[in-house]
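What follows draws every value from the coordinates through simple rules; no lab data is involved. No experiment lies behind these values; they were computed from the predicted model shown. With ideal geometry, Cβ positions are generated from the backbone for all residues, glycine too; neighbour counts draw on all protein chains shown.
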Amino acid sequence: MNNLQKFAVELGLAPAPKIAVFGLTTLGFATAARLLKGVTASGAVAGGAVCFLLMLGAGWGGFAALGVVFVMTWVATRVGYPQAATRLSRRAERA
């Protein structure tokens, strides 16, 4: 058990096996977000930290909410990017 697990267990946040599952889930989520090019490497690290802390505090419901937010923003970015690129090129042509 590492220091973070010991600290969380001593605070009564979660038992050690649950912390390990949350950690592995967080690692998988951050890796998937990076592979989908939804975040930069530093964004994956920051998102992983938020994910882990959210799971410690809110459990699987917190993870589900985070997943929904990630999917919504990823889809909105993919759908909106071509439209924004078209508008920017039109503005450049007028200038």
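Remarks
- When only alpha carbons of segment 17-74 are considered, Rg and Dmax amount to 10.6, 31 Å.
- ³J(HN,Hα), Karplus 6.51/-1.76/1.60, whole Hz, each residue of segment 48-58, x for Gly, Pro: x, 5, 5, 4, 4, 5, 5, 5, 5, x, 10
- Sorted peptide list for 50-57, 36-43, 15-22, criterion being average Cβ within 10 angstrom, highest first: 50-57, 15-22, 36-43
- Pairwise label distance in nanometres, Val45 with Ala16, each label 7 Å out on the Cα-Cβ vector: 2.8 nm
- Subtracting the Cα-Cα distance of Thr86 and Leu27 from 0.36 nm times their residue separation leaves 17.6 nm of extension gain.
- By the count of neighbouring beta-carbon atoms within 10 Å, fewest first, Trp74, Trp60 end up ordered Trp60, Trp74.
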